[in-house]
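Enquirer: Here's a structure for you.
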Amino acid sequence: MTGRAAITFAAALLALAVPATAHAQKPADVTRIEAAVVELAKLKSAAKGQVNARERAAESALGACRSKGRGWARIRKVKDASQRNAYARGAKTLWNNLRNTAVEGAWVDVYTPYLERFLRRFQTPLSDPVLQAGIDAQRKRLAFDHAAYSFGTCGTFNRLMKKVREFKVGGSHGVAGDYYAGKIYNDLVRYVARRQAKAARAHWGSRYDGALEAARNQLKALGGDQGYASYFAFAFKG
């Protein structure tokens, strides 16, 4: 769920009216989660302007290496046109991927204090193990978000451009040189996906998706509001 979709969802969530009598009939675990969800939704909705401003700032900062800077200077020093063009294509793809990462990182930066506040409300564990597993999964999700969206910068771009070099094999460029340049091209193109996959291996996985789905279903089964239950499952995804 993207940041804008989540904000829209939050607005709809806040419009829901849950009668006081319904709260009294729900288990304490459910009312704790719903109160935390309502607070989080309000904070995220109010921060929409901050997210947009952070996105613009991130894109502006990346503009410094879109087509110039140390990384591009290194590419332009490559005399062989075939290798130079391959590096340029790879650099453009890398830049676009880093831009997307930076935009996602904007909401992570803005929302992190609110998400941490949400988690602090559960320092005293829930009594229901299924719901507690959902909270534990949210902690892992926040760690994943930081690892997966924290590197969309020109610093990352220029560091990767240090791999760029001109290859001559047997005194000429030719197919062999293109092969080695192609390996670097692949490194540039695949960098973001590989790094995010590494973040997922370290912090996320299907078991946590399953824990959130199970917690959502458990909230509903225990009489919780369906909208709150669904928001809980997606609250840390933007």
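Enquirer: Of everything in the stretch 113-139 that's surrounded by fewer than 18 Cβ atoms within 10 Å (Cβ to Cβ) and hydrophobic (A, V, I, L, M, F, W, C), which residue is nearest to SER206 (Cα to Cα)?
Expert: VAL130
Enquirer: Also, I was wondering about something else. Take the residues in the stretch 52-71 that are in contact with a Cys (Cβ under 7 Å, 6 or more places away or on another chain) and buried (at least 17 other Cβ atoms within 10 Å of the Cβ), then tell me which one is farthest from ASN100 (Cα to Cα).
Expert: The extreme case among them is GLY71.
Enquirer: Go through (1) under 29 Å from GLN50 (Cα atoms); (2) in contact with a Leu (Cβ under 6 Å, 6 or more places away or on another chain) for GLN132 and report which single condition fails.
Expert: That leaves (1) as the condition not met.
Enquirer: Here's another thing I want to ask about it. Across the stretch 157-211, what is the number of residues that are touching a Phe, Trp or Tyr at 6+ places or on another chain (Cβ under 9 Å), closer than 12 Å to ALA86 by Cα and without any contact (Cβ under 8 Å) to a residue 60 or more places away in the chain?
Expert: 2
Enquirer: Let me ask something else about it. Can you tell which of ASP209, ASP178, ASP187 is at pLDDT below 95, part of a helix (DSSP H, G or I) and of a type in the set (Asp, Glu)?
Expert: ASP178
Listed here are the residues, each with its yes/no results for (1) buried (at least 19 other Cβ atoms within 10 Å of the Cβ); (2) farther than 20 Å from TYR111 by Cβ.
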residue	(1), (2)
ALA202	no, yes
TYR208	yes, no
ALA211	yes, yes
ALA214	no, yes
SER230	no, no
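Enquirer: Hey, GLY174 hits all of (1) out of contact with any strand residue (DSSP E or B) (no Cβ under 9 Å at 6 or more places or on another chain); (2) buried (at least 18 other Cβ atoms within 10 Å of the Cβ); (3) farther than 13 Å from GLY71 by Cβ but one; which does it fall short on?
Expert: (2)
Enquirer: Check VAL164 against each of (1) farther than 30 Å from LYS42 by Cβ; (2) within 14 Å of the chain's Cα centre (by Cα) and name the one condition it does not meet.
Expert: (2)
Enquirer: Counting only residues that are more than 13 Å from CYS65 (Cα to Cα) and crowded, with 20+ Cβ neighbours inside 10 Å, how many does the stretch 81-96 have? So that I can check it myself, show each step before the final result.
Expert: Start the filter on the stretch 81-96 by keeping residues that are more than 13 Å from CYS65 (Cα to Cα), which leaves 81-87, 89-90.
Cutting the leftovers down to crowded, with 20+ Cβ neighbours inside 10 Å gives us 83, 86-87, 90.
Within the stretch 81-96, residues that are more than 13 Å from CYS65 (Cα to Cα) and crowded, with 20+ Cβ neighbours inside 10 Å number 4.
Enquirer: Further, regarding this structure: Out of all the residues in the stretch 81-98, is one or more assigned to a helix (DSSP H, G or I), at pLDDT 95 or above and over 30 Å from VAL175 (Cβ atoms)?
Expert: Yes, the stretch 81-98 contains at least one residue that is assigned to a helix (DSSP H, G or I), at pLDDT 95 or above and over 30 Å from VAL175 (Cβ atoms).
Enquirer: I need the full set of residues from the stretch 166-190 which are in contact with a Lys or Arg (Cβ under 8 Å, 6 or more places away or on another chain) and charged (D, E, K, R), in order please.
Expert: Result: GLU166, ASP187.
Enquirer: In contact with a helix residue (DSSP H, G or I) (Cβ under 7 Å, 6 or more places away or on another chain) and not in a helix (DSSP H, G or I): is that true of GLY134 in this structure?
Expert: no
The values are calculated or read from the model by the stated rules, or taken from the named source; none is laboratory data. Predicted model, so just to flag it, every value in this text is computed and none were measured. No Cβ is skipped: glycine too gets one built from the backbone with ideal geometry, and neighbour counts run over all protein chains shown.
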